[in-house]
Amino acid sequence: MCGIIGISHHKEAGKMAFLGLYGLQHRGEEAAGIVTYDGKDTHVLKRTGLAVDNFDEESIAKLKGHAAIAHTRYSTTGGSNIKNIQPIFVTHRKKPIAVAHNGNLTNTEELYARLEAAGSIFQTSMDSEIMVHLLARTTNGELKEWFSRMLAQLKGAYSVVFLYEDYVIGARDPQGFRPLCLGKLDEGYILASESCAFDLMKAKFVREVEPGEIVIIKGNHIESTFLPKIQEEGRAFCVFENVYFARPDSHIFDDNVYQVRKRLGAQLAKEHPMQADFVMGIPDSGNYAALGYAQELNLPFEIGMIRNHYIGRTFIQPTQFLRDFRVRVKLNPIREVLEGKKVVVVEDSIVRGTTSRNRIQEIRAAGAKEIHMRISCPPIVSPCFYGIDFPSTKELIAHNKTVKEIADYIKVDSLGYLSREGMLEVMKNKNGFCTACFTGKYPTPIPVNTDKLQLEKGHTVTP
Ligand code: AMP
């Protein structure tokens, strides 16, 4: 998963892009980059790790220009190599083009083979690079036709921003898997994966870029064009963005994420009610649904675990003690709250089950008498090909275990998952979501080669 930003017209576009990355840091912690254009030269800054920690003031100050795009990376294709840090930047016919992409393409292998046969040499092992090669080989015409023709060759998930000289161009695939929002700065526009980035920059939320829409922005001027649109039933907004990934203060897919999560919790309470001394969430991701659950059943809501925000790195050998330490340092249960109590513990989702098992063990060790776990989405049984980095199928605990077996593994007194129908019931655009990770039914043909490192072979490894 990744976060993307575009700034069309600001005297310090590079700095603004950096502030935008603050808002999108949760979408990718592996690496980040910013590319700016000052009317003559292009400036590039890329670093591994968190943008908020590793981008220094001096380097940001060198990012001259009034147009910028930026990216924060969580690899879903390609490894964690330095060469794979986005935005990808190339020069085509003496003009700079940069691209920052969120999502995964599903026809990567076919496009890659076609482009290589035609002479393309790839610098990275990311599907995103395909876009600049296609641009170079697609007939230039008017800008919007050029980009439309290129984008029409892609299949799968892409929310994407381009920098082409002074132009900032944003686009979303016709099914709309990943979010992309449009905001207004005093002068110029801003594009961002999530609207929470706008608040930090005092930008005004204008609207979401629509599925299949391409917005072409230069300075204060914006125009839009569309790839062939898909009917509502063909839309495939990623429901996991709402369940877990996006920030609760964002407005995406026509809704506020915080309110969606509370509604998921309320629906969960209707499907799996449990009388208890109180309801708590596993911080932070489980808190919102926990609140909705408690309010629906008129039960007290308590904070039973405290999150430590200063986790940092432990530069010590990964012994079992230290592995446990990492889990313990993040969340600490409050014995005085939990002792002797019957509790409902709400979590947004279970992926491998290992974290949940540890948390439950800690809550039990802090004295809870009965633990009833509730999950605000259905069991995750299938991998994602559109940009969420789930582990392989065999590592997904719900792939080959029943709910009862999962409850035994996690060691809870009862376990209840929200149904798919219940989950969709509380969404706006009920028919417009991709739920493939819960059903194995994919809204597009899925790729033949599903290896995240499929383009890695033969590439030099940068230490
Ligand atoms: P676990 O009990 O180990 O499955 O961990 C569950 C927690 O990890 C939940 O809060 C999940 O939402 C969160 N999580 C979210 N996305 C992922 C992912 N792609 N891989 C692993 N865990 C994830």
- Message: I'm checking my understanding of the structure. Among residues of the stretch 37-75 that are polar (S, T, N, Q) and without any contact (Cβ under 8 Å) to a residue 40 or more places away in the chain, which one is nearest to residue 88 (Cα to Cα)?
- Response: 48
- Can you tell me which residues in the stretch 228-241 are touching a Phe, Trp or Tyr at 6+ places or on another chain (Cβ under 9 Å) and either open to solvent by 70 Å² or more (accessible area, probe 1.4 Å) or within 14 Å of residue 196 (Cβ to Cβ) (or both)? 241
- Task: Hey, can you tell me all the residues within the stretch 1-36 that are aromatic (Phe, Trp, Tyr) and either at pLDDT below 95 or over 22 Å from residue 216 (Cα atoms) (or both)?
- Result: 22
- Item | Among (1) within 24 Å of the chain's Cα centre (by Cα); (2) on the phi < 0 side of the Ramachandran plot, the one test that residue 145 misses | (1)
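Within the stretch 404-413, restricting attention to residues that are in a helix (DSSP H, G or I) and open to solvent by 60 Å² or more (accessible area, probe 1.4 Å), which residue is nearest to residue 358 (Cα to Cα)? So that I can check it myself, show each step before the final result.
Within the stretch 404-413, the first condition is being in a helix (DSSP H, G or I), and the residues that meet it are 404-410.
From what's left, open to solvent by 60 Å² or more (accessible area, probe 1.4 Å): 404-405, 408-409.
Values: 404: 18, 405: 16, 408: 13, 409: 11 Å.
This residue is 409.
Pick out the one residue from 290, 276, 246, 294 that is over 25 Å from the mean Cα position of the chain (by Cα) and open to solvent by less than 10 Å² (accessible area, probe 1.4 Å). Quick ask: steps written out before the conclusion?
Working: 290 fails: over 25 Å from the mean Cα position of the chain (by Cα); 276 fails: open to solvent by less than 10 Å² (accessible area, probe 1.4 Å); 246 fails: over 25 Å from the mean Cα position of the chain (by Cα).
Unique residue meeting the criteria: 294.
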- Task: Sort through 226, 198 and tell me the only one that's among the aromatic types (Phe, Trp, Tyr), touching an Asp or Glu at 6+ places or on another chain (Cβ under 7 Å) and assigned by TED's automatic domain parsing to the domain that holds residue 168.
- Result: 226
- Item | Any chance residue 419 is away from the ligand (no atom under 14 Å from the Cβ), among the small types (Gly, Ala, Ser) and in contact with a strand residue (DSSP E or B) (Cβ under 6 Å, 6 or more places away or on another chain) | no
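For the stretch 328-355, enumerate the residues that are within 13 Å of the ligand (Cβ to nearest atom) and open to solvent by 10 Å² or more (accessible area, probe 1.4 Å).
First pass over the stretch 328-355, keeping only residues within 13 Å of the ligand (Cβ to nearest atom): 330-331, 345-355.
Once the filter is applied, which keeps residues that are within 13 Å of the ligand (Cβ to nearest atom) and open to solvent by 10 Å² or more (accessible area, probe 1.4 Å), the stretch 328-355 yields 330, 347, 349, 351, 352, 354, 355.
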- Query: Considering only the stretch 356-379, how many residues are of a type in the set (D, E, K, R), surrounded by fewer than 23 Cβ atoms within 10 Å (Cβ to Cβ) and more than 11 Å from the ligand (Cβ to nearest atom)?
  - Reply: 4
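The values are calculated or read from the model by the stated rules, or taken from the named source; none is laboratory data. Note that the structure is predicted; figures quoted are calculated from it, not measured. Cβ sites come from the backbone with ideal geometry, for glycine too, and all protein chains shown count toward neighbours. Please note that ligands, DNA and RNA were not included when accessible areas were found on the heavy atoms of the full protein model with its side chains. Shrake-Rupley method; radii C 1.70, N 1.55, O 1.52, S 1.80 Å.
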